[in-house]
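K.L.:
First the structure, which I've put down as structure tokens, then a few questions once you've had a look.
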Amino acid sequence: MNRLAILLVLVVALTPAVTAQSVHFGGHGNFTTSNIPGPTTAGASSIGDTYGLGIGGGAHLDINLLAFSFRFSGDYIHYSIDQDKFRDAYRPVFGSAVDQMSIEGGGLGIYSLSVNGKMSILPIPIVTPYITGGIGLAWMNRDDATTKIAGATGNTIPGISTSGKTMLNIGAGADFKLGIQLFAEVKYAVIYTEGENSTFIPVTVGITF
């Protein structure tokens with residue numbers, strides 16, 4: 001709750017400098033790769049490359065202050081386990097027998113709230129590049145997963161649900177003014193989870209009104 005309070009304090013601190021013309025809102029979609037530990041069983045090392053492409057979206061609120069602006073964003077990303085990556089992760093443990101293995105469930109969802117600074121660089125007509133970075137909170141929820149060997153049910157791996165974890169991100173993007181304002185950006189984000197940190201690289205495209 002203390003970290004969430006920091007985000008609220010930032011909102012209050014910015015309020016006196018905000019006018020109606022400087023506040024904009026919009027929606028966006030997220031597409032991302034990740035290095036997030038997946039389900040593990042006894043004898044297996046930590047797995048950091050089990051999930052496939054993450055897909056999600058969210059909403060954002062922009063507060064523009066001259067050459068600098070802030071973006072408050074709420075996001076959701078969902079990952080499904082990639083069967084080939086799962087088998088490759090366990091191959092050192094089970095050898096060629098891993099080819100008979102599969103896994104059901106284990107989907108991972110990440111909810112996040114963040115505030116990011118945004119500074120334009122070399123603005124040109126139509127396109128305005130920018131750099132961005134900030135801090136937030138992330139909640140991770142993973143479903144139960146069940147392994148199967150040659151079609152027979154194996155182990156059930158319990159799901160997990162984490163409390164809000166600190167998240168940092170940094171990246172770059174560009175605004176496109178084409179009658180409507182579109183943007184595209186890519187960021188490197190890290191969530192400070194217990195043990196091995198979770199990292200992902202979201203590519204975001206959206207519209208701001």
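K.L.:
Could you check, for segment 106-115, whether at least one of its residues is in contact (Cβ under 8 Å) with a residue 12 or more places away in the chain, part of a strand (DSSP E or B) and surrounded by fewer than 16 Cβ atoms within 10 Å (Cβ to Cβ)?
P.N.:
no
K.L.:
May I pose another question? Please go through segment 135-158 and pick out each residue that is buried (at least 19 other Cβ atoms within 10 Å of the Cβ) and within 13 Å of the chain's Cα centre (by Cα).
P.N.:
Gly136, Leu137, Ala138, Met140
K.L.:
Identify the residue in segment 49-97 that is over 20 Å from Glu196 (Cβ atoms) and of a type in the set (Asp, Glu) and, among all such residues, is surrounded by the most Cβ atoms within 10 Å (Cβ to Cβ).
P.N.:
So the residue we want is Asp75.
K.L.:
While we're on this one: Look through Asp88, Asp99, Asp84 and report the one residue that is modelled with pLDDT of 90 or more, part of a helix (DSSP H, G or I) and out of contact with any His (no Cβ under 8 Å at 6 or more places or on another chain).
P.N.:
Asp99
K.L.:
What number of residues within segment 97-126 satisfy the criterion of being on the phi > 0 side of the Ramachandran plot and among the hydroxyl-bearing types (Ser, Thr, Tyr)?
P.N.:
Count: 0.
K.L.:
Could I ask something else about it? Go through (1) at pLDDT 85 or above; (2) closer than 30 Å to Lys177 by Cα for Tyr79 and report which single condition fails.
P.N.:
For Tyr79, the exception is condition (2).
K.L.:
Ok, one more. How many residues are touching a Phe, Trp or Tyr at 6+ places or on another chain (Cβ under 7 Å) and of a type in the set (A, V, I, L, M, F, W, C) if we restrict to segment 60-74?
P.N.:
2
K.L.:
Only one of (1) farther than 21 Å from Thr166 by Cβ; (2) touching a residue at least 12 places away in the same chain (Cβ under 8 Å) fails for Gly56. Which number is that?
P.N.:
(1)
K.L.:
Picking from Gly27, Gly43, which residue would you name as being modelled with pLDDT of 70 or more and either exposed (fewer than 15 other Cβ atoms within 10 Å of the Cβ) or small (Gly, Ala, Ser) (or both)?
P.N.:
Gly27
K.L.:
Looking at segment 159-183 only, could you name the residues that are under 19 Å from Gly54 (Cα atoms) and either more than 15 Å from the chain's Cα centre (by Cα) or not in a strand (DSSP E or B) (or both)?
P.N.:
Once the filter is applied, which keeps residues that are under 19 Å from Gly54 (Cα atoms) and either more than 15 Å from the chain's Cα centre (by Cα) or not in a strand (DSSP E or B) (or both), segment 159-183 yields Gly159, Ile160, Ser161, Thr162.
Here's the yes/no breakdown for (1) in a loop (DSSP other than H, G, I, E, B); (2) of a type in the set (A, V, I, L, M); (3) at pLDDT 95 or above:
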residue: Thr132; (1), (2), (3): no, no, yes
residue: Leu137; (1), (2), (3): no, yes, yes
residue: Thr146; (1), (2), (3): no, no, no
residue: Thr153; (1), (2), (3): no, no, no
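K.L.:
Could I ask something else about it? What pairs can you find where one residue is in segment 73-89 and under 17 Å from Gly105 (Cα atoms), the other is among the acidic types (Asp, Glu) and in a helix (DSSP H, G or I), and their Cβ atoms are less than 9 Å apart, with a gap of 6+ or different chains?
P.N.:
Short answer, once both residue conditions are applied: Arg87/Asp99.
K.L.:
Being surrounded by fewer than 19 Cβ atoms within 10 Å (Cβ to Cβ), closer than 18 Å to Ile77 by Cα and polar (S, T, N, Q) is the requirement here; does Asn197 meet it?
P.N.:
Answer is yes for this residue.
The values are calculated or read from the model by the stated rules, or taken from the named source; none is laboratory data. Quick caveat, the model's predicted, so the values are computed rather than measured. Note that each Cβ is placed from the backbone with ideal geometry, even for glycine, and that neighbours are counted across all protein chains shown.
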